[in-house]
Every structure is written in C-alpha cells, then in structure tokens.
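Read-outs: derived from the displayed coordinates by stated rules, not from any lab. Computed from a predicted structure; not experimentally measured. With ideal geometry, Cβ positions are generated from the backbone for all residues, glycine too; neighbour counts draw on all protein chains shown.
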Amino acid sequence: MNVLIVEDDPVTRRILASQVSGLGHSVDVAAGGEEAWELLGGVRYPLLICDWMLPGMTGLELCRRIRARDTESYTYIILLTSLSGKERYLEAMEAGVDDFITKPPDIEQLGARIRVGERILGLERQVRNLEGLLPICSYCKRIRGESDRWEPIERYLSQRTESRLSHGICPTCYELHVRPQLDTP
C-alpha cells in the first residue's frame with residue numbers, strides 16, 4: 001500500500017519511513033503540509049501518517065483539505081501528536097482524522113493501527129464495488145432505483161452522473177434485428 005508520511009523532524013521522518021517500509025508498504029515522505037498536499041495531487045495514498053504540528057500548513061489543515069476534496073477514494077489518516085486533552089481530540093476528529101498515535105510512536109502500535117486502516121480501506125472498497133452494481137432488468141433494460149421504482153437506464157444515468165448518452169446500434173444487433181427488417185419487402 002502507498003503510504004505518505006508527513007513529518008517536519010528529519011530524524012523522526014526517517015525512522016517512521018524505515019518502520020513503515022519494514023512493514024511491507026511503499027513509503028513517500030514530505031517535510032510539511034504544503035509539500036504533502038502537492039504529492040497528494042499526483043499520487044494515490046490510501047494511508048497518510050501525519051504530524052499535527054507542522055510549520056505552515058498544520059496536519060489538521062492538511063486533513064481538512066483532504067476531506068474537502070471531491071474524490072472517489074478514501075484516505076485513512078493517522079495523526080501523530082504529543083498533544084493531549086479532550087478538546088484536542090475532538091478538534092482532530094472534527095477535522096476528519098481517523099486515528100491517533102502519540103509521539104514517539106511505538107512500532108508495534110503503529111503497525112496495529114496501519115492494519116486497522118487497511119481493514120477499513122478494504123471495507124470502503126467493497127462498499128464502492130457494491131454501489132457500482134446496478135439492478136437491471138434483463139428484458140427491458142430498466143434499472144431499479146429508489147423505492148424499488150424501475151426506470152429507463154437513460155434517465156437513471158443522466159440523473160446520477162454527468163454522462164451524456166447517445167444511441168447507436170452495435171454490429172451484432174444490426175445483423176440480428178435491423179438487417180432482417182431492411183431485407184423484408
């Protein structure tokens with residue numbers, strides 16, 4: 001799994017990268033929130049391990065930006081912090097953090113939290129796949145939508161996607177259905 005580690009302390013960053021790659025993951029690192037945000041624009045990172053206290057863009061601000069962007073895939077965020085207290089915890093959860101680990105991180109605890117993230121990401125992938133299944137009538141090609149109402153596939157797709165449909169006839173259907181009609185006097 002691709003993991004992005006965001007940590008401004010070079011020693012901690014190197015240790016974390018070594019530990020996480022030792023757990024079998026592909027690791028990229030960033031020294032700050034802005035650098036991480038740029039990396040997130042070009043590469044898919046299912047898991048982000050991020051320090052709370054970063055110069056410039058904080059870990060919480062980075063988390064808020066990640067949650068605000070419109071993307072189909074989820075990023076599981078583990079926040080590293082030496083901060084404590086109920087208010088801090090609630091603030092981080094409100095920003096969209098999934099899990100916490102105190103600094104300095106314990107490798108066994110970090111590994112366990114990464115495995116939890118992997119399970120959640122796996123479930124999210126399953127849900128996305130199930131949502132992609134469309135109940136369609138094999139005869140009339142209508143789709144069952146909300147309230148078990150069957151509607152034409154064109155209407156269903158145009159209301160739920162930005163797809164624009166154009167109609168045509170595939171070569172097989174042309175030969176099976178259209179050509180016989182054309183050949184009939």
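A few comments on the model shown:
- Taking 7 Å steps out from each Cα toward its Cβ at SER166 and GLU108 produces label points 6.3 nm apart.
- The smallest convex shape that holds all Cα atoms of the chain, its convex hull, gives 176 Å³ per residue.
- Approximate spin-label separation LEU182-GLU72, in nm, with each point projected 7 Å along Cα-to-Cβ: 3.6
- Length gained when the stretch ASP99-SER21 is fully extended (0.36 nm per residue, less Cα-Cα span): 26.1 nm
- Annotation for GLU151 and TYR139: the two label points, set 7 Å from Cα along the Cα-Cβ direction, are 2.2 nm apart.
- Two numbers describe the Cα atoms of segment 142-183: Rg and Dmax, which are 14.6, 44 Å.
- Point-charge dipole on Cβ atoms (K/R +1, D/E -1) for segment 142-183, about Cα centre, debye to 20: 100
- DSSP-loop GluC sites (Glu not before Pro) across segment 152-185, with at most 12 other Cβ within 10 angstrom: GLU162
- Remark: relative contact order (the chain) = 14 percent; criterion is Cα-Cα distance under 8 angstrom and separation of 6 or more residues.
- Placing +1 on the Cβ of every Lys and Arg and -1 on the Cβ of every Asp and Glu, with no other charges, gives segment 108-185 a dipole of roughly 160 debye about its Cα centre.
- By the beta-carbon count within 10 Å of each Cβ, the least crowded to most crowded order of THR75, THR58, fewest first, is THR58, THR75.
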